[in-house]
């Protein structure tokens, strides 16, 4: 992926040098990587927020209102290659969504992207590195511990810088959904429908974010010719690696479709490709699509 000459966003908070990794308040036991891994697998299988599971396993409360004690160091723009790569990808998303919102008569509110190590406080509770990248609508920030890219490469078999960029563009896609009111509508449905129905809605949300990531790639290719041979294959491979069916098959040897929350490998690839080919928000309406 050609990113070195791209505009770097000024919306990146680099907390990696913070001396405090964050400590969970509210009592409870310590959280080791094993506990976090259990929470991740359970979240993938049962469609439960890993923060909720971590709170139950630790005897504490990881809800947005939970107390978080942390020593926060200064935030600054990244200067290392990986940090600059993230800033360049984020800048590319801004260059796509800003004009698209403007054409629709609206203003795009840029999300901030936080780089951290270990743990960090968020408006959605304490973010843990083992949770992988996530978007918090409460503070409109994307959180990434860059060690996830090692996991993506070595454990999930999805190497490559374009695969890494796809992950960022997907999380920014959730920010776009938040601005469009989709996230709020999902929150309104929580508790009003069965868990199975809510899972099915969650799949449509995640597939739309994949499609939005494709929109980012489409327009950045048109304006900046960012794609190199093999880049699209890297993104498709990443989408396949994090499909619900692939994760469940790897973790438990069988799949449980009713518990899917993100979509199958094939679905994630197809919706990313839809955004990549068309560059159109209308082509990403997973909620009106009869077939995912």
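So if I check each of 219, 175, which one is at pLDDT 95 or above, closer than 24 Å to residue 96 by Cα and in contact with a helix residue (DSSP H, G or I) (Cβ under 7 Å, 6 or more places away or on another chain)?
Details: 175 fails: in contact with a helix residue (DSSP H, G or I) (Cβ under 7 Å, 6 or more places away or on another chain).
Being at pLDDT 95 or above, closer than 24 Å to residue 96 by Cα and in contact with a helix residue (DSSP H, G or I) (Cβ under 7 Å, 6 or more places away or on another chain) holds for just one of 219, 175, which is 219.
Any chance you could count how many residues in region 4-17 are crowded, with 21+ Cβ neighbours inside 10 Å and either in a loop (DSSP other than H, G, I, E, B) or on the phi > 0 side of the Ramachandran plot (or both)? Break it down into steps so the answer makes sense when it comes.
To start, the set of residues in region 4-17 that are crowded, with 21+ Cβ neighbours inside 10 Å comprises 6, 9, 12, 14-15.
Narrowing the set further to residues that are either in a loop (DSSP other than H, G, I, E, B) or on the phi > 0 side of the Ramachandran plot (or both) leaves 6, 9, 15.
Summing the residues that are crowded, with 21+ Cβ neighbours inside 10 Å and either in a loop (DSSP other than H, G, I, E, B) or on the phi > 0 side of the Ramachandran plot (or both) in region 4-17 gives 3.
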Meets criteria (farther than 23 Å from residue 260 by Cα and either part of a helix (DSSP H, G or I) or modelled with pLDDT under 95 (or both)) for residue 146: yes
Some residue of region 226-243 being over 16 Å from the mean Cα position of the chain (by Cα), without any contact (Cβ under 8 Å) to a residue 12 or more places away in the chain and more than 30 Å from residue 92 (Cα to Cα): no
Complete set of residues in region 103-115 that are at pLDDT 95 or above and either assigned to a helix (DSSP H, G or I) or in contact with a strand residue (DSSP E or B) (Cβ under 7 Å, 6 or more places away or on another chain) (or both): 111, 112, 113, 114, 115
When residues of region 63-83 are limited to those that are surrounded by 17 or more Cβ atoms within 10 Å (Cβ to Cβ) and closer than 21 Å to residue 1 by Cβ, the one modelled with the lowest pLDDT: 78
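Just one of 255, 226 is assigned to a loop (DSSP other than H, G, I, E, B), in contact with a helix residue (DSSP H, G or I) (Cβ under 7 Å, 6 or more places away or on another chain) and within 25 Å of residue 96 (Cα to Cα); which is it?
Checking each option against the conditions leaves just 226.
Please pick out the residue among 255, 215, 226 that is farther than 16 Å from residue 170 by Cβ and surrounded by 20 or more Cβ atoms within 10 Å (Cβ to Cβ). Quick ask: steps written out before the conclusion?
Numbers: 255 fails: surrounded by 20 or more Cβ atoms within 10 Å (Cβ to Cβ); 215 fails: farther than 16 Å from residue 170 by Cβ.
When all the criteria are applied, what remains is 226.
The values are calculated or read from the model by the stated rules, or taken from the named source; none is laboratory data. Predicted, not measured: the structure shown is a model, and the values here were computed from it. Counting neighbours? That spans all protein chains shown, and the Cβs are built from the backbone with ideal geometry, glycine included.
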